[in-house]
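Report on the structure given below.
Laboratory data are not the source of any read-out in this text; all were calculated from the coordinates shown. What you see is a predicted model, and the numbers here were worked out from it, not measured in a lab. Virtual Cβ from ideal backbone geometry, glycine too; neighbours counted across all protein chains shown.
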Amino acid sequence: MKPPLLRADAPSYPSLFGRYTAVFADHDALHKVLQQLREMSRIGASGKEFPPELRPDVLLFHFEEVLTEHFAREESVQYFGTLEAASPALAQTIAQLRADHEALLHATSRLIALSKDEARFYGLSAATLGLLEWLERHEREENRLMTDFLSGRPPEDDDLDSGESF
């Protein structure tokens, strides 16, 4: 007799995987904007004229919209809430990721405020690239959260890298 494929007490992964897939799909839109922000930063550092779609005031505002939507989906009861309910040991990591979301959005808002002055366009490159590096570290932490959840391992003791200043 073959053993059952899933334990009787195993969580329902298909719905969680479906939600994870939806969050992961957000990354496509996010990665497109990140590429544009890198290009915007390169243009800003070179002193060349920005094409209309890469103007810092336009692109940073769009980035904030995409990031807000992405973070809202991650913070939903259906995603972080499901992980936390199924694995309470992840609660501290999830709380830190939520705090990172707020801090990343705040830093983005500050860049948007600076971008309202065209004279500052060319000075936004370093701060924008710093924000992107911070976001990439954050995304790695989220990937580690999912890996820890799926493996059943307790979260690693490393502190999340947050609190960047812009």
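Return the ratio Rg/(2.2 N^0.38 Å) for region 13-151, where Rg is computed over Cα atoms only.
Values: Rg = 16.6 Å, N = 139, 2.2 N^0.38 = 14.3 Å.
For region 13-151, the normalised Cα radius of gyration comes out at 1.15.
Could you compute the FRET efficiency for residue 45 and residue 109, with r as their C-beta to C-beta distance and R0 at 25 Å, rounded to 0.05? Can you show the working numbers first?
Details: r = 22 Å, r/R0 = 0.90.
With R0 = 25 Å, the Cβ-Cβ based efficiency is 0.65.
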| task | Please give the net charge around residue 113, taking every other residue with its beta carbon less than 14 angstrom from that of residue 113, where Lys and Arg add +1 and Asp and Glu add -1. | result | -1
| message | If you take every residue apart from residue 35 with its C-beta less than 13 Å away from the C-beta of residue 35, what net charge results, scoring Lys and Arg +1 and Asp and Glu -1? | response | -1
| request: Go from 0 up to the bin containing the longest alpha carbon distance in region 43-97, width 5 Å each, and give me the % of pairs per bin. | output: 4, 17, 16, 13, 10, 9, 9, 9, 8, 3, 1
| said: Can you compute 3J(HN,Hα) from phi for each residue in region 128-145, using the Karplus curve 6.51 cos²θ - 1.76 cosθ + 1.60 with θ = phi - 60°, rounded to whole Hz and x for Gly and Pro? | reply: 5, 5, x, 5, 5, 5, 4, 4, 5, 4, 4, 5, 5, 5, 5, 5, 5, 4
| note | residue 116 and residue 68 label points (each 7 Å along its Cα→Cβ direction) are spaced in nm at 1.5 nm
| note | Residue by residue through region 81-94, the couplings from Karplus 6.51 cos²θ - 1.76 cosθ + 1.60 with θ = phi - 60°, in Hz, x for Gly and Pro, are x, 5, 4, 5, 5, 7, 9, x, 5, 8, 4, 5, 5, 5
| message | Just to confirm a number: summing +1 for Lys and Arg and -1 for Asp and Glu over residues other than residue 50 whose beta-carbon lies under 11 angstrom from that of residue 50, what do you get? | response | -2
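Given a Förster distance of 35 angstrom, what is the FRET efficiency for residue 92 paired with residue 31, based on the Cβ-Cβ distance and rounded to 0.05? Can you show the working numbers first?
Values: r = 28 Å, r/R0 = 0.80.
About 0.80, to the nearest 0.05.
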